[in-house]
């Protein structure tokens, strides 16, 4: 199968009708006529991920996040054009040397039923909706303390540590799930306020998002961007393996780029 043919299968699983306008999805790099030898499914195509995929002979990389770091001018520091950034050059070098292509499924997989949001909720064991949205939902829980909810999130998503803001002894029973980077803006706290939530579980958050939550009387638990979206990418790999039985399909964990000391 060609990359274009595999892309069609990918977009049948995560249709573009679920994507946000202006969000780039589908084949973003490489020759669409490339003969696919295998699929690597990952959260982000970091250099280590691409090397592992190349070693395994997987030349179709399905990613959730952007393949390259874009450029932007800043008054605070000097920046480089996109095609001069060493992180981008390192990724392109591997892609080009091994004839690899990159396909992205971002908001279309976030919003597809059974996609990133639903997979994260399923991993956390959240099933009872207080409010169900396409990209963000709030759930009813059996009452537990914020500390207990933090331990549950940590164990469910397999993260070594979580950041928690709020009274650890407070009993909570309604939680808004801001997987991925949704809490990278403090406006995300408004969703929890509107939904009447007393806690937020998020992937990645700003300092000010924590402060907004605390001042609104809402507890916040930060897991990590990658760990909150990995369940959705694992599910995508499972679905693709069922649809493409003649091709090897492997989920490659991009992991966390830091350690705790």
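Hey, what's the Kirkwood Rh for the range 1-73 if you take every pair of different alpha carbons, in angstrom?
Working: mean 1/r = 0.0755 Å⁻¹.
Kirkwood hydrodynamic radius for the range 1-73: 13.2 Å.
Counting other C-beta atoms within 10 Å, which of 42, 112, 259 has the fewest, and how do the rest follow? Could you put the intermediate results ahead of the total?
Details: 42 27, 112 21, 259 6.
By the 10 Å Cβ count, ascending, the order reads 259, 112, 42.
Hey, what did the range 40-90 get for relative contact order, percent, Cα under 8 Å, at least 6 apart?
Working: 48 pairs, mean separation 16.7, N = 51.
Averaging sequence separation for qualifying contacts and normalising by length gives 33 percent for the range 40-90.
Residue 216 to residue 35: FRET efficiency via 1/(1 + (r/R0)^6), r the Cβ-Cβ distance, R0 41 Å, to the nearest 0.05? Let's see the in-between values first.
On the way: r = 53 Å, r/R0 = 1.30.
About 0.15, to the nearest 0.05.
Using mean Cβ contacts within 10 Å as the protection proxy, how do 159-169, 69-79 order, highest first? Write down the numbers at each step before the final one.
Details: 159-169: 15.1, 69-79: 7.9.
The peptides rank, most packed first, as 159-169, 69-79.
For the chain, what does the helix formula give at 222 nm: sum of -39500 (n - 2.57) over DSSP H segments with n ≥ 4, over the residue count, nearest 500 deg cm²/dmol?
Details: 9 runs with 94 residues, N = 261.
It comes out at -10500 deg cm²/dmol, rounded to the nearest 500.
Contact order normalised by length for the range 3-109, with contacts defined as Cα pairs under 8 Å and 6 or more residues apart; what percent is it? Kindly include the intermediate steps, with their values, before the conclusion.
Values: 175 pairs, mean separation 42.6, N = 107.
Contact order relative to length: 40 percent.
Measuring from label point to label point, each 7 Å out along Cα→Cβ, what is the residue 122 to residue 246 span in nm?
That separation, rounded to one decimal, is 2.8 nm.
In degrees between 0 and 90, to the nearest 10, how far off the longest principal axis of the chain does helix 225-243 point, with axes built from Cα atoms?
Tilt of helix 225-243: around 50 degrees.
Taking Cα atoms, how many degrees apart are the long axis of helix 86-97 and the longest axis of the chain, rounded to 10 and kept between 0 and 90?
40 degrees
Packing-wise, with mean Cβ within 10 Å as the measure, how do 199-205, 1-7, 19-25 rank, highest first? Each step should come with its number before you reach the end.
Working: 199-205: 27.0, 1-7: 18.3, 19-25: 12.9.
Sorting 199-205, 1-7, 19-25 by mean packing, highest first, produces 199-205, 1-7, 19-25.
Give me 55, 103, 120 sorted ascending by neighbouring Cβ count inside 10 Å, so fewest comes first. Each step should come with its number before you reach the end.
Details: 55 9, 103 24, 120 28.
Lowest count first: 55, 103, 120.
I need 178, 132, 64 ordered by Cβ neighbour count within 10 Å, fewest first.
Values: 178 31, 132 11, 64 28.
Least crowded to most crowded, the residues run 132, 64, 178.
Once both axes come from the Cα atoms, what is the angle between helix 3-13 and the longest principal axis of the chain, in degrees from 0 to 90, rounded to 10?
The angle comes out near 20 degrees.
Below 8 Å, C-alpha to C-alpha, sequence gap of six or more: please give me the relative contact order for the chain in percent.
Details: 525 pairs, mean separation 53.7, N = 261.
Relative CO of the chain lands at 21 percent.
Of all DSSP beta bridges in the range 57-181, what percent run antiparallel (nearest 5)? Each step should come with its number before you reach the end.
On the way: 9 of 13 bridges.
Of those bridges, close to 70 percent are antiparallel.
Note the full-extension length gain between residue 238 and residue 8 as 0.36 nm times their separation in residues minus their Cα-Cα distance, in nm to one decimal. Intermediate values should be presented prior to the final figure.
Values: separation 230, 0.36 × 230 = 82.80 nm, distance 1.66 nm.
Here the answer is 81.1 nm.
Mind ordering 135-146, 228-239 by average Cβ neighbours within 10 Å, highest first?
Values: 135-146: 17.3, 228-239: 23.0.
For the peptides 135-146, 228-239, the packing ranking is 228-239, 135-146.
Pull out the extension gain between residue 20 and residue 71, defined as 0.36 nm times the separation in residues minus the alpha carbon to alpha carbon distance; nm, one decimal. It would help to have the intermediate numbers written out before the result.
Details: separation 51, 0.36 × 51 = 18.36 nm, distance 2.16 nm.
Between residue 20 and residue 71, full extension yields 16.2 nm more.
What is the gain in length, in nm to one decimal, between residue 256 and residue 152 on full extension, counting 0.36 nm per residue of separation less the C-alpha to C-alpha distance?
Full extension of this stretch gives 35.5 nm more.
The numbers here are math on the coordinates, done by the rules we state, and not lab data. Owing to the predicted nature of the structure, the values given are computational and were not obtained by experimental measurement. Cβ: placed from backbone, ideal geometry, glycine included. Neighbour counts: every protein chain shown.
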